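What follows draws every value from the coordinates through simple rules; no lab data is involved. Bear in mind that the values here come from a model prediction, so they are computed numbers and not experimental data. Positions of Cβ are generated from backbone atoms using ideal geometry, with glycine treated the same way; all protein chains shown enter the neighbour counts.
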Amino acid sequence: MIINKLFYYRRTIILSILPLLICLLVDIPGLAQEKSLDEPRSANMRWTIKDEVIIINYDLVGALDTRYNVQVEMKRKNNPSFVAVPVTVEGDVGEGYFAGTNREIQWYYRKDFPEGFKGEGYYFDIHVKPIGLRNMTLYYVAGGVAVVGGFVALLASKSKSTTTQPSELPIPPGRP
């Protein structure tokens, strides 16, 4: 009986659940071409070398009460395939509340690359992502799917009540 109801409402079920599944599968911010003004971004990035430490200073434009994941990469202008990811770093990098001006990262590059770097044309990219914002969207979508599923189950269970008279079984014959 329930399968008949689900089969009867299949079009409604598909049309209500399909948009929610698409929202789960498609990363809307990832499709955007440009960053919006509300998204966190690094600005005024500069770097210097002191002894065997590269000091990177930057400003993080974003909400002060939001945690961010800040990652840094060193690249080279005349070699697009070159990417050095600092491992031995300290300061305003990783996860934390980093919004504000004059943030600093210290990279002990000789520990990661003992031979150092030859030539010129090096620069740094700082990647900033807010932590926890996408997780809330997933909860909202999952909650919506649960509500729709509950609604469908309610519709499927509301079938016309057909009461049948219980049949009485005959009394078994006596033992011989």
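Just a few scattered comments:
- Positive minus negative residues near ALA84 (Lys, Arg vs Asp, Glu; Cβ under 10 Å): 0
- Kirkwood-Stokes translational diffusion coefficient of region 32-131, alpha-carbon pairs, 10 °C, 1.306 mPa s, µm²/s: 111
- Phi angles of region 91-101 translate, via the Karplus equation with coefficients 6.51, -1.76, 1.60 and θ = phi - 60°, into HN-Hα couplings of x, 8, 9, x, 9, x, 8, 10, 5, x, 9 Hz per residue; Gly and Pro are given as x.
- Pairs with C-alpha atoms separated by more than 21 Å, drawn from the list LYS50/LYS75; LYS77/LYS129; LYS50/LYS129, are LYS77/LYS129; LYS50/LYS129.
- Net charge contributed by nearby residues that have their C-beta within less than 10 Å of GLY121 (K/R +1, D/E -1): +2
- In loop segments of region 85-128 as defined by DSSP, the trypsin sites (Lys or Arg not before Pro) with at most 14 further C-beta atoms inside 10 Å of their C-beta are LYS118.
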